[in-house]
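Notes follow the structure.
A short reminder: the numbers here are calculations on the coordinates, not readings from a lab. Every value quoted in this text rests on a predicted model; they were computed, and no experiment measured them. Note that each Cβ is placed from the backbone with ideal geometry, even for glycine, and that neighbours are counted across all protein chains shown.
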Amino acid sequence: MIAEIVTPDKSVYSGNVTLVSVPGVMGSFEILNSHAPIISALGKGQIRIVEDNADHSEQLFDIEGGIVEVKNNKINVLIEK
């Protein structure tokens, strides 16, 4: 899957991932390969990304809120930073 995190000013992250965990307004949820299409509001919390590389390294991003869109194994996250 491809994930991209952007703010109104810049791109914060772009890369191949195996898992993305986001803080939805109704609770956190995870996005895995072949996830159903979704658009959801995000609340204050942390985005956790597990990268698709040999050591499955993790990236963490603290956010104040935003929106996530998932479609065709592409994850777009628009955040307020």
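Some observations on this one:
- Footprinting exposure proxy ranking of His56, His35, fewest other C-beta atoms within 10 angstrom first, gives His56, His35.
- Extension gain from Lys44 to Asn16, taking 0.36 nm per residue of separation minus the Cα-Cα distance: 7.7 nm
- Annotation note: GluC sites (Glu not before Pro) in the range 4-65 located in DSSP loop regions with a Cβ neighbour count of at most 15 within 10 Å are Glu64.
- Rg and Dmax [Cα atoms of the chain; Å; Rg one decimal, Dmax integer]: 11.4, 33
- Gain on full stretching of the segment that runs from Ile2 to Glu80 - 0.36 nm per residue minus C-alpha separation: 26.0 nm
- Gaussian network model of the chain, Cα within-10 Å springs - most flexible of Val70, Val20, Val12: Val12
- Amide H contacts for Asp52 (H built 1.01 Å from N in the peptide plane; partners 5 or more residues away or on another chain; cut-off under 5 Å): Asn16, Val17, Thr18.
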